[in-house]
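Below is one structure, written out as C-alpha cells; comments come after it.
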Amino acid sequence: MGLGGVALTVALLAIQAGVIKVYYDTKLAETGAPAATPAALVNTTAAATCPAYTEPTECDPAKSPGIEVLHEDARIFLYRSFLSPEECEHIMKLAEPNMARSGVVDTETGESKVDNVRTSKGTFLQRGHDPVIAGIEARIAKWTLMPVGNGEGLQVLKYEEGEEYEGHFDYFFHKEGVNNGGNRYLTVLMYLNDVEEGGETCFPNIPAENGPEFSECARKVLAVKPRRGDAVLFHSIKPTGELERRSLHTACPVTKGVKWSAPKWVHVGHYATAGEQAVRIEQVTQTDLNYPDCKDGNESCQSWASSGECDRNPTFMIGTKEAPGNCIKSCNKCADFFEFKAASR
Ligand SMILES: O=C(O)CCC(=O)C(=O)O
C-alpha cells in the first residue's frame, strides 16, 4: 500500500471511530474519552434516523423514518421505534399485576381523585426500577436534553374498549404543584402496543385534517395513532416560561382492542423521589421579570387562564385601562397595563 493508501485507511478508521463515539457517547463520557470530533458530528445525522435502541451495526437509516416534527412552534415531535418490542413487553409485564383505576389531579387542591374524564387503569414504575427502565430513561434524557433526575417514575396505562382520557394539560394548576422540582415541563408519551381502532392522542388546540384511518375523535386536530414502540414528545412550558396551551391533549376512546401507553413526565428541575429533599421552583415568566408591578388579583388566575378564561371572559380576566380585570398577569397582558422595567437577570 502506498502513502496515499495508508492516509486513506487512517482517515477511514478515524471516521469509524467517530461513528462509534456518537453511538456510545454515554459510555465514553464515563471513561473520560475525548469530546466528539467533526467526523463524529457528521455522523450524528445518520445516528438520529435509527431507532434509539439499535446498535450501530444493526442500524439501517433507510428503514427508519426517525424523528418527525409534528408542530415546530409548539415543539411536538414523534420518534418512531423509540422502544424496542422487547422493551414494550417488559414494561407491560412489570405493570400488569399492579394496575388500578387511574386518578386525576384536582386543579384547585392538587389531591388525586377518580373522575369519569379518565377511565383507564394504571400504575407507576419507580425511576431506575431495573436496568431496562433505567436504559429507557437515559435515552429519554438524551432525546429531551433534560436530566434523568427531573423525571417522575414511569406511568404505565391500560385502556380497554371505551376507555379514554378527556382533554387535559399535564402541567399543574394548584400552587403546591411546583413544590417538587417546579411544574411539569415536558411529556414523553410512549405506546407499548398497536391499537386496532381509536385510542389516538389528540391536541385539540391545534387544528388539522386527518383521513379515515383516524377515529372521529381525532379527525380535525393534530393526532397521533398509537403504534408499538413510537413515542411523542410535547412541551407543557414554552422557552419563555409561559404555560403552553397547545399541549392540551386527549386520549381518544379505544373503539376496538386494548391500548397500552407509558407517559414520562419531566419537570423543570430535579424531581425528588424516596428519601430525596424536594425543592420548590417558582414558575417565572418573561412578563413577570419585566413587569414587576403586574400581579394577579386572585389565586386561581393561573388555573382559569390555562383553561381558556382569558379568551372566554376577557372583561373579568383582563378588563380595560379604565376598569382593569383580575388576572392581567396570568393572561399575559402586563405590557398593556404596566410600565416596562428591563429585568436585571
Ligand atoms: O395515553 C394517552 O394517549 C395519553 C395519556 C395522557 O394524556 C396522560 O396520562 O396524561
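Scaled to the compact-protein estimate 2.2 N^0.38 Å, what is the alpha-carbon radius of gyration of the range 211-273, rounded to two decimal places?
Normalised Cα radius of gyration, the range 211-273: 1.38.
Show which lysines lie in cross-link reach of Lys329 when reach means a straight Cα distance below 18 angstrom and same-chain residues fewer than eight apart are skipped.
Lys175, Lys238, Lys295, Lys321, Lys341
Based on alpha-carbon centroids, what's the gap between the range 91-133 and the range 160-191 in Å, whole number please?
11 Å
Net charge within 10 Å of Ser120 by Cβ-Cβ distance, Lys/Arg positive one each and Asp/Glu negative one each, not counting Ser120 itself?
+2
Fewest to most neighbouring Cβ within 10 Å: what's the order for Asp296, Asp311?
Exposure proxy ranking, most exposed first: Asp311, Asp296.
How charged is the neighbourhood of Glu299? Take every other residue with its Cβ under 11 Å from the Cβ of Glu299, and add Lys/Arg as +1 and Asp/Glu as -1.
Taking every other residue near Glu299 into account, the sum is -1.
Can you classify the range 113-193 as rounded, prolate or oblate using the Cα gyration tensor, where a ≥ b ≥ c are the square roots of its eigenvalues, rounded means a/c under 1.5, and otherwise it's prolate if a/b beats b/c and oblate if not?
Judged from the Cα gyration tensor, the range 113-193 comes out oblate (a/c at least 1.5, b/c at or above a/b).
Can you give the net charge of the other residues whose Cβ lies under 15 Å from the Cβ of Val105, counting K and R as +1 and D and E as -1?
Residues near Val105 contribute -3 overall.
Express the relative contact order of the range 67-267 as a whole percentage, based on alpha carbon pairs under 8 Å and six or more residues apart in sequence.
29 percent
Compute the Kirkwood hydrodynamic radius of the range 67-267, taking the inverse of the mean of 1/r over all pairs of distinct Cα atoms, and give it in Å to one decimal.
16.9 Å is the Kirkwood radius here.
What shape does the range 286-337 have by the C-alpha gyration tensor, where a ≥ b ≥ c are the square roots of the eigenvalues, rounded means a/c under 1.5, and otherwise prolate means a/b greater than b/c and oblate the rest?
oblate
Laboratory data are not the source of any read-out in this text; all were calculated from the coordinates shown. The model shown is predicted, which means the values in this text are computed figures rather than measured ones. In this analysis, Cβ positions are derived from the backbone assuming ideal geometry, glycine residues included, and neighbour counts consider all displayed protein chains.
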